[in-house]
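The values are calculated or read from the model by the stated rules, or taken from the named source; none is laboratory data. Since we're looking at a predicted model, the values are computed, not measured. Quick reminder, even Gly has a Cβ in these numbers, built from the backbone with ideal geometry, and neighbours come from all protein chains shown.
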Amino acid sequence: MNAPQPMPAAPARLTDRQIRSIIIGLMTAMLLAALDQTIVATAMPTIGLDLGDAVNLPWVVTAYLLASTAVTPLYGKLSDIHGRRIMLLIAIATFSLGSLACAMAKSMVALALARGLQGIGGGGLIALSQTIIGDIMSPKERARYQVYIAGVFVASSVAGPLLGGFFAQHLHWSMIFWINLPLGLAAFLLTNAQLKALPRHERRHRLDWPGAALMVLGSCALLLALSWGGVRYPWGSPVVVSLLVAAAALGLGFGLRLATAAEPLIPTEVLKDQVVYSATLAACFAMGTFIGLTIYVPIFLEGVLGLTASQSGVALVPLMVGTVTGATLSGRSMLYFRHYKRLPIAMMGVSVACCAAIAVEGRALPFAALEVLFLFLSMGLGTILPLSTIAIQNTVDFHQLGIATASMNFFRSLGGALIVAAFGTIVLGGSANNAGHDMESLIRGADAAHLAGVFRWVFAAACLGLGLAWAFLMWMEERPLRDRRAGKLDDALEAEMPNPLVME
């Protein structure tokens, strides 16, 4: 038995009015990142056709995810040093500048590079917003404000696919990036004013630049291997094998750096906590699978079912709305139920079953049935997202809140980048093996039967990802939620369950 862990010191209490004002500012910042995740998806096929480079289309997403993944831990540490407000303003400005570069891109390479710049800003938007919410509210209180946060994602989940499809078909795909500029300005002005009341909990930190370099280079090597293997080069080619060996060596170096550095990029004491690593892995596979589906389902809808870009945007709404609905139900269950894991565990079982049905039946399903399956698939997946964040913030001290939240978002983003690359390998590799048709012609519906067969493997891979998320969720220890507003653990939970502050 280890010694009982002390309760963290509570922050200075803000008034409800101050909290609501801060939440409004954060909602605008979160809307930038949330809308970007949904509006790009339905325009992806059109972007690939317009730029004449559908083979490298996954890099529109992968470049963003890789850049945002790399900088997320840095945002966490820098916010601990310099404060949340200044780092969030930097993230908003960088995201807006990247959006401008994306809108003006004339080639896939230029667009991928601009998406990387956008990702450098985007890596701080969600992570810092979640950290600030953790600064001003206890895990128990967050459930009370879940409706405000969910409203942002509901709006982006509905508006994103519809706007993306409309812009791509009737205007120009660059509009999906131009729209970020007025939103970015509003987010900058609102957060700059509201976050001045934010309590500060900074501690001095040193940035582990060698660790960051090892992580970025290792991730790039792995993503390149997954993107090129079986598509541009054979899996056994010297290029792909060399990239895999380099990724393994750099990953090992990163692991050694975490174990030996005086202050590693990701603190090992945070990662060793059972709730932190199990919740992080559950979120990693859940979010990665969700991002992969949002990117490639439009190709399935247009190339297999023959929908237009606008119709594809409408058809994608259940997948987006279901995730937000599941997240809202999960967040509310943490307020009202002692055993808050039960609902997400049950819903994840439904999610895996729905994904398996799509993998087996696919194109043969009636369109209405497919939409219902997408809805329930994403509802189960969505239950993990708030649960993992609140559980992690519930278990760490206040001075670790920034880096713990950033670490979770780091692995969640890394999982997204890897799973998108893996899905891309399946889609592009399967397309490359279809003699007589390239990816562009398949998106246009030249061989819907062949593409439907390829997507059986995509949905099977999604089942695997959801199954792993489900397993890590069941493994995660269910600790009572701290109610820092009351200055104590929730009494009902504490009476019901063993003391989680004494670790076995």
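The helices (runs of 4 or more DSSP H) located wholly in the stretch 408-504 that include 1 or more residues which are in contact with a helix residue (DSSP H, G or I) (Cβ under 8 Å, 6 or more places away or on another chain) and at pLDDT below 75 occupy 439-443, 448-475.
Within this structure, Ser330 passes the test of being among the polar types (S, T, N, Q) and free of Cβ contacts under 8 Å to residues at least 60 places away in the same chain.
Kindly indicate whether any position in the stretch 335-344 is of a type in the set (Lys, Arg), at pLDDT below 80 and either in the same structural domain as Phe376 (by TED's automatic domain parsing) or more than 22 Å from the chain's Cα centre (by Cα) (or both).
Yes, the stretch 335-344 contains at least one residue that is of a type in the set (Lys, Arg), at pLDDT below 80 and either in the same structural domain as Phe376 (by TED's automatic domain parsing) or more than 22 Å from the chain's Cα centre (by Cα) (or both).
Residue-level analysis places Phe367 among those that are in the same structural domain as Val152 (by TED's automatic domain parsing), of a type in the set (Phe, Trp, Tyr), surrounded by fewer than 22 Cβ atoms within 10 Å (Cβ to Cβ) and in contact (Cβ under 8 Å) with a residue 60 or more places away in the chain.
Once the stretch 334-356 is narrowed to residues that are farther than 20 Å from Ala471 by Cβ and either of a type in the set (Phe, Trp, Tyr) or out of contact with any Pro (no Cβ under 8 Å at 6 or more places or on another chain) (or both), the residue that is surrounded by the fewest Cβ atoms within 10 Å (Cβ to Cβ) is Tyr336. Return a yes/no flag: does the stretch 320-329 have any residue that is assigned by TED's automatic domain parsing to the domain that holds Gly119, surrounded by fewer than 22 Cβ atoms within 10 Å (Cβ to Cβ) and either modelled with pLDDT of 85 or more or closer than 25 Å to Val60 by Cβ (or both). Yes; the residues of the stretch 320-329 include at least one that is assigned by TED's automatic domain parsing to the domain that holds Gly119, surrounded by fewer than 22 Cβ atoms within 10 Å (Cβ to Cβ) and either modelled with pLDDT of 85 or more or closer than 25 Å to Val60 by Cβ (or both). Here Ala279 meets the list (1) of a type outside the set (Ser, Thr, Tyr); (2) surrounded by fewer than 21 Cβ atoms within 10 Å (Cβ to Cβ); (3) within 30 Å of Pro318 (Cβ to Cβ) almost entirely, failing just condition (2).
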